[in-house]
Amino acid sequence: MHYSPISSINMASIILGVSPGTRIMGLGVIQNGELVEWQVKTFKGPWSKDKLSFIIGSIPDLCDHFRVSDMALKVVSPLRSSKNLLLLNKGIIEIAEKSKIPLSRFNGEDLKLKEGLQEK
């Protein structure tokens with residue numbers, strides 16, 4: 001799969017933004033450049049294959065519901081990553097590939113540059 005910078009996403013499309021986490025995951029839907037839906041999903045309990053499947057399984061439902069045409073996946077700093085988070089990211093990437101949804105990866109700095117935001 002080809003990863004493109006967030007700046008290459010067509011803002012007229014419907015984008016599912018994913019900030020992955022093994023306990024908490026942030027999701028946002030952007031349509032025509034405007035945030036139209038956002039959620040914070042929590043996933044309790046110890047890490048397991050079932051938990052991984054459950055987290056990843058929530059993504060296709062959102063894609064179908066909102067008719068997502070693009071995905072944006074937050075890149076987690078290697079200092080804040082874990083083996084389980086890497087597995088989760090891999091699963092999200094596989095969902096995008098299977099669904100034939102273009103996937104871009106971004107970090108917080110990408111968003112600040114894109115929107116012209118400055119740190120306070």
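What are the residue pairs meeting all of these: first residue in the range 36-65, first residue farther than 14 Å from N84 by Cβ, second residue open to solvent by 50 Å² or more (accessible area, probe 1.4 Å) and of a type in the set (V, I, T), Cβ atoms under 6 Å, and 6 or more apart or on different chains? Matching pairs, first to second residue: T42/I24. Taking the range 84-102 as the range and being without any contact (Cβ under 8 Å) to a residue 40 or more places away in the chain and assigned to a helix (DSSP H, G or I) as the test, the residues that pass are L86, L87, K90, G91, E94, I95, K98, S99. Residues in the range 13-35 that are in a loop (DSSP other than H, G, I, E, B), in contact with a strand residue (DSSP E or B) (Cβ under 8 Å, 6 or more places away or on another chain) and surrounded by fewer than 20 Cβ atoms within 10 Å (Cβ to Cβ): S13, R23. Looking only at the range 47-70, decide whether some residue is open to solvent by 80 Å² or more (accessible area, probe 1.4 Å), closer than 22 Å to K100 by Cα and not in a helix (DSSP H, G or I). For the range 47-70, residues open to solvent by 80 Å² or more (accessible area, probe 1.4 Å), closer than 22 Å to K100 by Cα and not in a helix (DSSP H, G or I): present. Within the range 14-28, residues that are in contact (Cβ under 8 Å) with a residue 24 or more places away in the chain have Cβ atoms under 7 Å from residues that are open to solvent by less than 30 Å² (accessible area, probe 1.4 Å) and of a type in the set (S, T, N, Q) in these pairs: P20/N89, counting only partners at least 6 apart in sequence or on another chain.
Across the range 57-108, the number of residues qualifying as under 18 Å from K41 (Cα atoms) and not hydrophobic (A, V, I, L, M, F, W, C) comes to 10.
The values are calculated or read from the model by the stated rules, or taken from the named source; none is laboratory data. Not measured: the values here are computed from a predicted model. All Cβ positions, even for glycine, are placed from backbone atoms using ideal geometry, and neighbour counts span all protein chains on display. Ligands, DNA and RNA are excluded from the accessible area calculation, which covers all protein heavy atoms including side chains. Shrake-Rupley method; radii C 1.70, N 1.55, O 1.52, S 1.80 Å.
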